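Worksheet: the structure to be examined is printed underneath.
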Amino acid sequence: MDSQESLVKNLLMKVKQDLLASSEFDVYSLVPPSPYDTAWLSMVPNPQQSDPLFQGCLDWVLQHQNRGGFWGENTAHPTIECLTSTLACIVALTTWNVGHDAIQKGLAFIHGNTEKLLEEQNGSFPEWFAIVFPAMIELAETKGLHVYFSNGLVEQVFLERQEILQTSRWVSGCGQQQNYPALMLKYHEDGLIQSPSAIAHAFMKTGNKEFLVKLNSIVQTCGYGVPAVYPLDEDLVKILLINQIEMLGLAEHFMEEITSLLGQVYRSYISCEEPKSMAKNAMPIQLYKHSLAFRLLRLHGYRVSPQNLCRFLEDEDIVAYIEEHLELFLSAMYNVYRATDVTFTGENQLEDARAFSRRILEKETMKDCMNLVRPISMTNLQGQIKHELSIPWLARLDHLEHRRCIEREESLGPWTANALSYRLSSQSNATLLQLAIENYTLRQSIFRNELKELERWSKEMGLAAMGFARQKTTYCHFAVASTASNSSLSDVRLAVVKSAILVTVADDFFDREGSMDELEALANAVNRWEPKGLTGHGKTIFNALKDFVDDISGKFFNKNGYDIKAYLQDLWCQTFASWLKEAEWSRNGHAPSTVEYLQVAATSIASHTILLPAAFLLNPPPEIDILKKRQPLTNSLMLLTRLLNEIRSYQKEQEEGKPNLVLLYMKENPNLGVEESIAIIQKTLDEKKKEFLELALISDEMPEACKQLHFHCLKAFQMFFNSTNAFDSPTELLAHINKAIFDPLRVEDVQGSFMPLNSFQSTLGLKKDKSLASHGKSHYSSSKPCNGFFKSTCAIKVQGNSRKDLVTKPYSRILSLEMRNPTIYTIFSKPKAYIH
């Protein structure tokens, strides 16, 4: 693990130096150059001489043709964007009578791949492509390049362009629709063109010096490989970078950078909260930006209004426009839906936005179910949408979400049914992805060592040998490691899981194994903190508990200088008392009121008992006086975890004769059936989650790390009790456990095969691009064709001589886990509010 940790540290230094080292954060270094727009700048003639005004742009075109003869970032799997870019580049080279071999290779690519790439669109062409592609073919023909060929799909694109222009769906803003050569026009609200290609064409047509000034500014800012949009929305690029870092599981290494960038985004976000008109063609990207910014800011504790995000719902024309142009807004609606995950109590606007965006997304999934043809370029986004709708956010484990993002190489930029103008470059993605892979591998190694330690401790304490108790060490560790997955939290994870093991064994002892005399003896012993008179299982449980409390309190005292043992003893004493009370109810056949039941059951779920001892190992730890007062966040967590458990365990507890909230609620309301009772409890649960989120994300009642631990705990419970009682299932979680802890990462390469991770670095071959560096930029190129991360990349499989603790074939560990009842991995204290 030491060598792996060193590798991660070295890669981290390289990433920070390459992407984030500059004191003046350069967003233009993170986005990919656009071959299409660069080609248009290279066509601009020098008014005083018969040569290009921007020779560097022409040189860039000459230097950046891919082996396949095309221009474009995605070298492994060309897309329709490569068709328009390649046409523009060979037109530029022909204009200046240079690069004859490159022109021939480009023509060969056009003739050899156009039909295939058009077929991949399944008859559905983005509007921008229907305008740009035919116009570029016509322009190439005027240059003597014979690129047109009779093909039904090509003719279909031409017909679609004609339909768009006739129905005025395409608004150029210049009144030159018919002869405007293949330009994607983008406008600010003030009408200024944001497309370098459009500016170049406008200058060549008009000679207007304002356009020349803008072209010079573009080159001065971006170098000779220019982006598809200028000026960039710098906040959007920052948001995309933060989002990518977090989705790859790298946030723990970039907290300082994320804090700085989000602070800048926040200042911009609150400065534009006043209503502002928005051009319809700018709406998809603005909705995308506002929704992603809102989500990130809330998750990082900023108090932000949802007004920017929800304003579109106030305009019936805009709502109708979105419903008429679903593909254009699909990526935006996907992120609007995700933003509403962090809805607080009383935020009706966000509720409406969630309902609207979900309806839009479900329409898209219905099209897929009906086997309607969809462009292949939308496949990745469709997969993200299905994942988002099928599994609630709180039930998804961060560590496995990171793996999903790494292995599927998901593109995280906005997809708006036109060219992806805002996305991180493949070089930026490749650098981050390499770090993410090594970081995930390091985490798995740490997790395996932790699991060995936990199994050793459980066996040494005699807990593993108890035949009556559910053996849930692996389950508990999986849930904790997959939510609180930062490498630095190892001691915290061990403490949480040891608590969970103790809770599981003790709960099973009180539920089914011990006699009332044995249960009373154990509860009294915990109250006295003295094992005198205990025998058998009761003595084993007490000794393991004492070992755990002594360990936590000792570590805390050595670091902080004061004793917390009495607090921890009292915490466990309350929990054992609640278990004893429930045992008395069950064995006496007593049915408590729902209020009486919840007062006990919120403690017996033991979520606080699992969580709070480990919180003292955080940095910084919470103040003991704060925890003694039982904060609202802790109370909220206790109630939520109990309600989650109740909904999924009522059938089993009915069979065992134990009280359950679903059954008790029906007893108090005889007119209600099981489903109605569950629905009422579920509604309460959903509302209480909103209160919890506001406390966990915004309140200042305890340190951030402690609030996060509460949040991780709720996610673990939500995962266990989301749609079934997965905690008591012997098989439901095994595949997820293997992926989280044991199975090597697998990332497909360009040939669809897998390669060792330790060959990844040499495959990338990143080096400084001297031709660009000479123009004052520090973009990167690859000494080998870059395989276009996040869509088709140099493949990775975690294996090799440097991974002796991993095997080179998929590792499937046989988990022989015995499970029974549900109450284990739980957390703590008295609820502040009850169901009425």
May I ask you to give the percent of accessible area on segment 519-613 that is carbon plus sulfur, with a probe radius of 1.4 Å? 48
Expressed in angstrom, Rg and Dmax over the Cα atoms of segment 595-660 are 14.3, 45
Residue 528 paired with residue 623, simple spin-label distance in nm, labels 7 Å along Cα-to-beta-carbon: 3.7
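Please find the FRET efficiency linking residue 557 to residue 77, where r is the Cβ-Cβ separation and R0 is fixed at 56 Å, and quote it to the nearest 0.05. Could you put the intermediate results ahead of the total?
Details: r = 59 Å, r/R0 = 1.05.
Calculated value: 0.45.
Work the Kirkwood hydrodynamic radius out for segment 421-491: mean of 1/r over every pair of different alpha-carbon atoms, inverted, in Å.
Working: mean 1/r = 0.0684 Å⁻¹.
Final number for the Kirkwood radius of segment 421-491 is 14.6 Å.
Scan segment 272-355 for trypsin sites (Lys or Arg not before Pro) in coil per DSSP, keeping those whose Cβ has at most 13 other Cβ atoms within 10 Å, and list them by number. Mind dumping the intermediate values first?
Working: sites: 276, 280, 289, 295, 298, 303, 311, 338, 354; in loops: 276, 303.
Hits after loop and neighbour filter: 276, 303.
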Would you mind giving the average projected area, over all directions, of the Cα convex hull of segment 446-568 in nm² with one decimal? 8.0
Show log10 I(q)/I(0) for segment 481-546 at q = 0.11, 0.14, 0.20, 0.27 Å⁻¹, two decimals, from a solvent-free Debye sum over equal Cα scatterers. -0.33, -0.49, -0.76, -1.13
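From the cross-link list 472/539; 459/688; 452/652, which pairs have alpha carbons spaced over 29 Å apart?
In this structure, 459/688; 452/652 lie more than 29 Å apart at Cα.
Please work out the FRET efficiency for the pair residue 3 and residue 390, using the Cβ-Cβ distance as r and a Förster radius of 45 Å; give the result to the nearest 0.05.
Efficiency, rounded to the nearest 0.05: 0.70.
Å³ per residue of the Cα convex hull, for segment 91-175? Display every interim value, and only then the final one.
On the way: hull volume 9.0 nm³, N = 85.
Per-residue hull volume (Cα only) is 106 Å³.
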Between residue 73 and residues 5 or more places away or on another chain, which pairs have amide H atoms under 5 Å apart, with H built 1.01 Å from N, and which residues are they? none
Along principal axes, largest first, the alpha-carbon spread of segment 494-625 in whole Å comes out as 48, 35, 22
Just grab the label-to-label distance for residue 206 and residue 124, each label 7 Å out from Cα along the Cβ direction, in nm (one decimal). 3.7
From the phi of every residue in segment 4-17, what ³J(HN,Hα) in whole Hz does the Karplus formula 6.51 cos²θ - 1.76 cosθ + 1.60 yield, where θ is phi - 60° and glycine or proline is x? 5, 5, 5, 4, 5, 4, 5, 5, 4, 4, 5, 4, 5, 5
Cross-link partners of residue 532 among aspartates and glutamates (Cα-Cα below 19 Å; sequence separation of 8 or more within a chain): 517, 518, 520, 547, 550, 570
Quick one: which residues, 5 or more positions from residue 79 or on another chain, have an amide H under 5 Å from its amide H? H modelled 1.01 Å from N in the peptide plane, none for Pro or chain starts. none
Dipole-positive endmost among 598, 554, 621 within segment 520-621 (Cβ charges, Cα centre): 554
Cα-only Debye scattering, segment 550-704: base-10 log of I(q)/I(0) at q = 0.12 Å⁻¹: -0.61
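Over segment 671-720, what per residue volume does the convex hull of the Cα atoms give, in whole Å³? Could you put the intermediate results ahead of the total?
Numbers: hull volume 3.6 nm³, N = 50.
Output value, Cα hull per residue: 73 Å³.
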P(r) over all Cα-Cα pairs of segment 617-707, 5 Å bins from 0 to the longest distance, whole percent per bin, short to long, reads 2, 13, 19, 17, 13, 11, 10, 9, 4, 1, 0
Orientation-averaged projected area, Cα convex hull of segment 253-332 (nm²): 5.9
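The values are calculated or read from the model by the stated rules, or taken from the named source; none is laboratory data. From a predicted model like this one, the values you see are computed outputs, not experimental measurements. Reconstructed Cβ throughout: ideal geometry from the backbone, glycine too, with neighbour counts over all protein chains shown. To get the accessible areas, we keep the full protein, side chains included, count just its heavy atoms, and leave off ligands, DNA and RNA. Shrake-Rupley method; radii C 1.70, N 1.55, O 1.52, S 1.80 Å.
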